[in-house]
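Student: Got a structure for you, questions after.
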Amino acid sequence: MKSGLQGYRIALLVGLVVLALLMTVMVTNLLSQLRNLSTAEGDNNQWSISQLDTEFANLAAILSKQISKPSLSDDEVRLRLDIALSRLAIINSGRAAALFKGNEETKAQIDTINAFAEQAVNIADKPGILSREDFIALQTMTDTVRPAVRKIALTGVSIGAQQSEYRRDQFARQLKLTGGTAIGLLVVMAAMLLFLGHLLTRAQQRDTALKESTLRLESTVEASLDGIITADESGKIIEYNSAAERVLGWTRQEILGRTMEATIIPHKFRDAHREGMERFLKTREPHVVDAGRIELTALRKTGEEFPIELNITSVEGKESLEFIAYIRDISERKIDEQKLIDARDRAERTDKAKSQFLAVMSHEMRTPLNGILGVLDLLKTTPLSEKQSRYTGIATASSEILLEHINEALDITRIETGTLSLVDQKFDLAELLSGIIDVLEPLAVEKNLTMNFEFDEHLRIPFYGDGNRIRQVVINLLGNAIKFTDKGTVGLKVSGIHGPSETSLYIAVSDTGPGIDPEHQGQIFEDFVVLAHSEGRQSRGDGLGLSISRKIARKMDGDIKVNSAIGAGTTFTLTVPLTRADHSELEDETQKLPTEGKVEKSKGYSILVVEDNDINRSILKDMLMGMGHSVSEAENGVECLALAEKSTFDLVFMDISMPVMNGIEAARRLRAGESANKFVPIIGLTAHGREEYREQAQLAGMTQFQTKPIRLPTLHTILDNIFASSVETPHAEEHVLQELCGALGSEKVSKTGTALFNELRDFMNEVAAGNLAAGTPELAEAAHKLKGATALLGMRSLEHILLHMENTARSGQRDNSFSVRLHELKQTAISTEAAFNHYLNGRKQPSSSG
């Protein structure tokens, strides 16, 4: 506003100066015209010109008078002649001569007069006295020139009169212009006076508004919860509001005139404050000033330091730079924040302790449970009475229930700690669900329930996903439906919608049970919540199943929803996205299976059991020996490595958690060593969940990974799979190896195989490092090269996997199963290499013994 008023003032001043200059110019011009109009100057010119005629008339009269006298007097004639000739200067120069400028006729007359003057001077200047003849000559000349003189005089009077008339006209016009301009200037000045009056009114209004705004600002500042302090460049406090009095303890009268450094800034910050202010005044760079809100500590009058939120801004004052500091006491907020942090830390510690407790208890409970179930399985292999068999069955069922409790508790721990991992594998959905129906249908039949199974035929294709987790969720939903339904039907309906590469799968489990009140439908997915205890249930209700199921479903980017009403039954719907696999891949999988059935050895295998728990080790040993195998024992990884240096084993069962050296490290060293057991299959065992050590076990070179307890049927399956796959390649293509060894010798075939397996390891390392990416020509070429070598050695399983990787890479299509194929290649390479070495070692032994 000040700058606007200043602009108005400058504009008015410039206008007044312009008006004054204009008036001065016009008055000066008017005075000049007035001087030109002066009659004295005009009359003087006309009189001077007319005097020329008079003097020539006088000269003529003197000459006539002298000639008529008997005696002549040349002095008087010469005087009159001089006077007449002196008047000629009037018409030859000066203002009078200017009248005739440009007039040719007048010029000729002036030339005649000047010629007369020249002749008359010649006569008058002769020495001696003038004679009568001279007088007569002068008279004649004078009479001759007088008409010209008369004409000059008349012309001068006429021209002078015309100029006087012109000057009067010019003066009249200038006078009118000056008068009009004066009137206009008066109007302009009146308008300017009105404008000045308007500006004055506006200035008064603005001044009033400014005063009101200032009052409001002062009220706002005074009512502000933040302390507001204004200081000059030296840090001296010049303004201080009421909130600052409450926050800092200083009254306004006490602190005005004192510096911020000496009053509110703690001693430890004063040097930094001084340096910062000096730097800002020099550079104007915002570090604290004009840098927004920051958190610091301030000093109260009592000397107490307390936390504040500070914002300092700079403004241009009347004489120098001023600083405005906004101070907010955040002591209570900091206390509340600390309370929240403490509460969060306590909650995290509690949650972590709970998770650790569940994990430890799950592990510790699983270890003795392994012994219980193992003994029960062994007991079933002995002759038992009917009552003993029933008791054994009850103990086994109770142990299995306890194991399920432990598994669910461990799943909750994994989910809450974020360690639950999904393992994507190719599986047949129809086969998976049919297997679940086969297991649970007897329970439904036992309760006289009808079980319906509807499956969309469009879904009879292979999928990639965690089939085990889907099985776990569906078993839980179907199990609950059977448990809580006393009569009617339990149904499983499977449908889906195919997208470009994924299928949205819908698995609906329905029952005709009592239903769930809508008010309680949200609670059933919470941990440890059981809404009802039906007498007709066949199993327990621990309140964890639905909670875990929904969390697993959401982990797979799906969900579980419930639709139920009291007396109308319940429907749980599992939705989960799955990636489709090609039909050809499933066919390829079936083609690579052995067609001659499982291979049986004529004698048992040599197996090493590495387990620190005596009971578990003893039970596993008894199971294996009961199956006809020879068993060696080790209590930790160090003993395992020592035995591996002395003996050759067909299989190693390796516990993960052991003292001295754990199973992961022992497996890693066994694979890195040069003993005869370098490629022996290793089955990792743990009482923890699979996810905790799965990746570490794979990286260490373990062939498989098994969670305790190991049941006798499971043990049979493990041995059948391991030894069937390990002897598949040599026996299926034994004639190839026989022919190669016969043609090249066993030693050269061994070197060729060793080179191949080294190249396979390099290939897998390159893929893992990202140097060979899926779907690239480089990957296709590398797989093609290795495929040829595996075909040469008759290793059909490896050849099949490499062929699939090559074809997929050459097609340039996205291979959703690439990670699965890579893992399959790694496992197949380990088992094939072990079988290859086993075959060649068998060929060498007879020759060495012989």
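Student: Pairs under 7 Å by beta carbon, first residue basic (Lys, Arg) in segment 471-482, partner open to solvent by less than 30 Å² (accessible area, probe 1.4 Å), six or more apart or different chains?
Tutor: Close Cβ pairs (under 7 Å, with a partner that is open to solvent by less than 30 Å² (accessible area, probe 1.4 Å)) amount to ARG471/LEU432; ARG471/ILE436.
Student: If only one of GLN170, GLN162, GLN139 is assigned to a helix (DSSP H, G or I), touching a Leu at 6+ places or on another chain (Cβ under 7 Å) and not aliphatic (A, V, I, L, M), which one is it?
Tutor: Going through GLN170, GLN162, GLN139 in turn, the sole match is GLN139.
Student: Follow-up question, since we're still on this one. Looking at segment 141-152, can you tell me whether even one residue there is open to solvent by 30 Å² or more (accessible area, probe 1.4 Å), within 30 Å of VAL25 (Cα to Cα) and out of contact with any helix residue (DSSP H, G or I) (no Cβ under 7 Å at 6 or more places or on another chain)?
Tutor: Checking segment 141-152: not a single residue is open to solvent by 30 Å² or more (accessible area, probe 1.4 Å), within 30 Å of VAL25 (Cα to Cα) and out of contact with any helix residue (DSSP H, G or I) (no Cβ under 7 Å at 6 or more places or on another chain).
Student: Hey, can you tell me all the residues within segment 218-230 that are surrounded by 11 or more Cβ atoms within 10 Å (Cβ to Cβ) and at pLDDT below 80?
Tutor: GLU218, THR220, VAL221, GLU222, SER224, ASP226
Student: Run down ALA687, ALA642, ALA672 and say which single residue is under 47 Å from the mean Cα position of the chain (by Cα) and farther than 27 Å from LEU403 by Cβ.
Tutor: ALA672
Student: Could you grab the pairs with beta carbons closer than 6 Å, sequence gap of 6+ or different chains, first residue in segment 80-106 and more than 14 Å from ILE152 (Cβ to Cβ), second one open to solvent by 50 Å² or more (accessible area, probe 1.4 Å) and at pLDDT 70 or above?
Tutor: Filtered contacts from segment 80-106: ARG80/ASN58.
Student: Also, quick follow-up: Which one of ASP456, ASP466, ASP428, ASP424 is out of contact with any His (no Cβ under 8 Å at 6 or more places or on another chain) and within 15 Å of LYS493 (Cα to Cα)?
Tutor: Of ASP456, ASP466, ASP428, ASP424, the one residue that is out of contact with any His (no Cβ under 8 Å at 6 or more places or on another chain) and within 15 Å of LYS493 (Cα to Cα) is ASP456.
Student: GLU747 fails exactly one of the following numbered conditions: (1) open to solvent by 50 Å² or more (accessible area, probe 1.4 Å); (2) at pLDDT below 80; (3) over 14 Å from LEU840 (Cβ atoms). What is the number of that condition?
Tutor: Against the list (1) open to solvent by 50 Å² or more (accessible area, probe 1.4 Å); (2) at pLDDT below 80; (3) over 14 Å from LEU840 (Cβ atoms), GLU747 comes up short only on (3).
Student: Taking ASP351 and the conditions (1) open to solvent by less than 50 Å² (accessible area, probe 1.4 Å); (2) at pLDDT below 80; (3) charged (D, E, K, R), which numbered condition does it fall short on, given that it satisfies the others?
Tutor: That leaves (1) as the condition not met.
Student: Could you tell me whether any residue of segment 314-331 is part of a helix (DSSP H, G or I) and at pLDDT 80 or above?
Tutor: Checked against the condition, which is being part of a helix (DSSP H, G or I) and at pLDDT 80 or above, segment 314-331 yields at least one hit.
Student: In the list SER71, SER48, which residue meets the criterion of being at pLDDT below 75, more than 24 Å from VAL187 (Cα to Cα) and in a helix (DSSP H, G or I)?
Tutor: None of the others qualify; the one that does is SER48.
Student: Further question on the same structure: Report yes if ALA359 is at pLDDT below 80 and either in a helix (DSSP H, G or I) or farther than 30 Å from PRO713 by Cβ (or both), otherwise no.
Tutor: So ALA359 fits the description; yes.
Student: Ok, one more. Could you please find all residues in segment 662-689 being free of Cβ contacts under 8 Å to residues at least 24 places away in the same chain and aliphatic (A, V, I, L, M)?
Tutor: ALA672 - this is the single residue of segment 662-689 that is free of Cβ contacts under 8 Å to residues at least 24 places away in the same chain and aliphatic (A, V, I, L, M).
Student: Would you please name the residue that is farthest from ASP612 (Cα to Cα), looking only at residues in segment 649-679 that are open to solvent by 60 Å² or more (accessible area, probe 1.4 Å) and either in contact with a helix residue (DSSP H, G or I) (Cβ under 8 Å, 6 or more places away or on another chain) or at pLDDT 90 or above (or both)?
Tutor: Filtering first and then ranking leaves ALA676.
Student: Working only within segment 633-648, note down all residues that are open to solvent by 40 Å² or more (accessible area, probe 1.4 Å) and touching a residue at least 12 places away in the same chain (Cβ under 8 Å).
Tutor: GLU633, GLU635, VAL638, GLU639, LEU643, GLU645, SER647, THR648
Per-residue answers, yes or no, for (1) more than 26 Å from GLU316 (Cβ to Cβ); (2) without any contact (Cβ under 8 Å) to a residue 12 or more places away in the chain; (3) open to solvent by less than 30 Å² (accessible area, probe 1.4 Å); (4) among the aromatic types (Phe, Trp, Tyr):
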| site | (1), (2), (3), (4) |
| --- | --- |
| LEU175 | yes, no, no, no |
| LEU215 | no, yes, no, no |
| ASN241 | no, no, yes, no |
| ILE264 | no, no, yes, no |
| MET277 | no, no, no, no |
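Student: Another one. With respect to ILE415, is the statement that it is modelled with pLDDT under 70, open to solvent by less than 50 Å² (accessible area, probe 1.4 Å) and touching a helix residue (DSSP H, G or I) at 6+ places or on another chain (Cβ under 6 Å) true?
Tutor: The answer is yes for ILE415.
Student: If ILE722 satisfies all but one of (1) open to solvent by 50 Å² or more (accessible area, probe 1.4 Å); (2) modelled with pLDDT under 80, what's the number of the condition it fails?
Tutor: Only one criterion is unmet by ILE722, namely (1).
Student: Next question. For residues that are assigned to a loop (DSSP other than H, G, I, E, B) and of a type in the set (D, E, K, R), scanning just segment 437-490, find the one that is most open to solvent (accessible area, probe 1.4 Å).
Tutor: LYS487
Student: Those residues that are touching a helix residue (DSSP H, G or I) at 6+ places or on another chain (Cβ under 8 Å) and open to solvent by less than 20 Å² (accessible area, probe 1.4 Å), I need them from segment 557-571; list them, please.
Tutor: Correct list: ILE560, SER564, THR570.
Student: Sticking with this one: If I go through segment 139-162 residue by residue, how many of them are closer than 18 Å to ALA120 by Cα and among the aliphatic types (A, V, I, L, M)?
Tutor: Number of matching residues: 4.
Student: Given the structure, is VAL288 modelled with pLDDT under 80, within 36 Å of the chain's Cα centre (by Cα) and either open to solvent by 30 Å² or more (accessible area, probe 1.4 Å) or more than 22 Å from GLU316 (Cα to Cα) (or both)?
Tutor: Answer is yes for this residue.
Student: Look through segment 79-96, keep the residues that are assigned to a helix (DSSP H, G or I) and buried (at least 17 other Cβ atoms within 10 Å of the Cβ), and return whichever of them is modelled with the lowest pLDDT.
Tutor: Only one residue tops the list, namely ALA96.
The values are calculated or read from the model by the stated rules, or taken from the named source; none is laboratory data. Since the model is a prediction, treat every value here as computed from it, not as a measurement. Neighbour counts run over all protein chains shown; Cβ positions are idealised from the backbone, glycine included. The area values use the complete protein model at the heavy-atom level, side chains included, leaving out ligands, DNA and RNA. Shrake-Rupley method; radii C 1.70, N 1.55, O 1.52, S 1.80 Å.
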